[in-house]
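For reference, the structure is listed below as structure tokens.
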Amino acid sequence: MKNLVTISGDWIKGLIRDFIATSPLNTMRNKTEDPAWDDALVGFASGADQIWQQYKEYVGPFHWTPWEVFSQHCPREPAGAEELTVISWILPQREAVRKANRRAKNYPSEEWARIRAYGEEFNAALRRHVADSLKQVGHAAIAPMLVPNWTIVNSARFSYASSWSERHAAHAAGLGTFGLCDGLITARGKAMRVGSVVAKISLKPTPRPYSTHRAYCLFFHNGTCGKCIDRCPVRAITEDGHDKEKCRQHLARAREYVKKTYSFEGYGCGLCQVGVPCEAGIPVKEAREALERGELPPSPPPLA
Ligand code: SF4
Ligand code: SF4
């Protein structure tokens with residue numbers, strides 16, 4: 001591929017924000033055609049970052065490195081890991097959607113279920129748009145979640161996991177840390193959806209402004225909070241963490257509920273993402289204020 005444009009971080013951020021602002025796919029498909037999303041946080045990680053190898057040990061050997069997924073799907077564009085950048089974005093849930101789901105006690109609000117279905121359709125279109133736009137200006141790119149061999153696998157540690165985790169990519173790209181409920185707590189909170197693309201471009205990685213992968217969760221910071229435990233209608237969250245199997249079973253019931261109650265095909269829950277201190281921001285004051293000041297902690301130890 002012949003490079004026609006030198007890509008900058010601002011070029012990518014503009015591409016994502018323009019698509020949010022102008023794409024007709026950015027809709028909840030409700031009566032008032034409200035937008036699904038109004039903003040994005042964007043971060044970058046190097047394909048050569050050691051964290052991808054750590055994920056192989058922590059998540060499982062089946063979790064692709066950026067180089068593995070890129071090499072499989074862009075065989076005509078040989079590249080070293082250091083020539084690749086992972087572009088990751090967070091789509092924060094809008095206030096109206098969060099407010100509606102805060103009132104939910106067992107199953108998702110209609111607004112939340114619409115975002116899970118149609119907001120995620122937009123997110124898939126955004127992945128395609130970012131990858132296609134880069135290809136059009138001569139830079140090979142692939143969206144790991146959209147490749148045909150992306151799969152969910154059984155995991156001894158996590159009951160199940162996948163060959164590419166958007167939340168782990170976002171963590172690598174400096175966008176957030178994990179909470180007790182497994183959600184990623186970002187500068188705009190945990191109520192969000194996330195996407196990524198791996199591209200043959202060279203961009204300065206976004207620094208990770210945290211020293212552990214759980215730095216933004218109050219429970220891991222000082223043993224307090226645990227509000228997500230009480231929000232879960234099926235007790236899938238305890239002080240020991242998130243029971244993915246219980247959660248999955250509830251999501252299957254939510255699919256029936258959404259169809260019967262709201263008359264469209266969808267699902268979701270996300271009750272643990274709202275009505276909690278990490279809903280729309282970082283609840284750990286010291287971490288939030290350090291991020292606002294632009295301070296970086298010492299390099300984090302390996303995930304364990
Ligand atoms: S609700 Fe509290 S314990 Fe649960 S993830 Fe958020 S900060 Fe952590
Ligand atoms: S853990 Fe699962 S079932 Fe429980 S509130 Fe969160 S999304 Fe819903």
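Derivation of every value follows stated rules applied to the coordinates shown; laboratory data play no part. Not measured: the values here are computed from a predicted model. As a convention, Cβ positions derive from the backbone with ideal geometry for all residues, glycine included, and neighbour counts pool all protein chains shown.
Suppose R0 equals 45 Å. What FRET efficiency, 1/(1 + (r/R0)^6) with r the Cβ-Cβ distance, do Lys31 and Glu82 give to the nearest 0.05?
Details: r = 50 Å, r/R0 = 1.11.
The formula returns an efficiency of 0.35 here.
Checking the table Lys31/Lys99; Lys13/Lys244; Lys13/Lys56; Lys56/Lys285 against a 21 Å threshold on Cα-Cα, which pairs fail? Walk me through the numbers before you get to the answer.
Working: Lys31/Lys99 18 Å; Lys13/Lys244 33 Å; Lys13/Lys56 29 Å; Lys56/Lys285 32 Å.
Beyond 21 Å between Cα atoms: Lys13/Lys244; Lys13/Lys56; Lys56/Lys285.
Calculated from DSSP H runs of 4 or more alone, at -39500 (n - 2.57) each and per residue, what is the 222 nm mean residue ellipticity of the chain, nearest 500?
Numbers: 11 runs with 105 residues, N = 304.
Dividing the helical sum by the residues of the chain leaves -10000 deg cm²/dmol.
So for segment 154-246, considering every pair of alpha-carbon atoms, how many percent are separated by more than 24 Å? Please list the in-between numbers first.
Values: 1117 of 4278 pairs.
Tail of the P(r) past 24 Å holds 26 percent of the pairs.
Just need log10 I(q)/I(0) for the chain at q = 0.15 Å⁻¹, Debye formula, equal scatterers on the alpha-carbon atoms, no solvent, rounded to two decimals.
-1.29
Would any residue of segment 56-75 have its amide N under 13 Å from a label point 7 Å out along Cα→Cβ of Asn149? List them or say none.
62-65, 68-75
Fully extended, how many nm does the chain gain between Ser8 and Gln249 (0.36 nm per residue separation, minus their Cα-Cα distance)? List each step's numbers first, then the result.
Values: separation 241, 0.36 × 241 = 86.76 nm, distance 4.29 nm.
Stretched out fully, the Ser8 to Gln249 stretch lengthens by 82.5 nm.
What's the ranking of 60-68, 266-274, 290-298, 190-198 by average number of surrounding C-beta atoms within 10 Å, highest first?
Numbers: 60-68: 18.8, 266-274: 24.2, 290-298: 11.4, 190-198: 26.6.
Sorting 60-68, 266-274, 290-298, 190-198 by mean packing, highest first, produces 190-198, 266-274, 60-68, 290-298.
Give me the distance in nm between label points sitting 7 Å out from Cα along the Cα-to-Cβ direction at Gln136 and Ser23, one decimal.
Taking the two extended label points, one gets 1.3 nm.
Specify whether the C-alpha gyration tensor of segment 196-255 places it in the rounded, prolate or oblate class, a ≥ b ≥ c being the square roots of the eigenvalues: rounded for a/c under 1.5, otherwise prolate if a/b is larger than b/c and oblate if not. Walk me through the numbers on the way to the answer.
Numbers: a/c = 3.97, a/b = 1.46, b/c = 2.72.
Oblate shape, in that a/c is at least 1.5 and b/c is the bigger or equal ratio.
Scan segment 1-100 for trypsin sites (Lys or Arg not before Pro) in coil per DSSP, keeping those whose Cβ has at most 11 other Cβ atoms within 10 Å, and list them by number.
Working: sites: Lys2, Lys13, Arg17, Arg29, Lys31, Lys56, Arg76, Arg94, Arg98, Lys99; in loops: Lys2, Arg29, Lys31, Arg76, Arg94.
Hits after loop and neighbour filter: Lys2, Lys31, Arg76.
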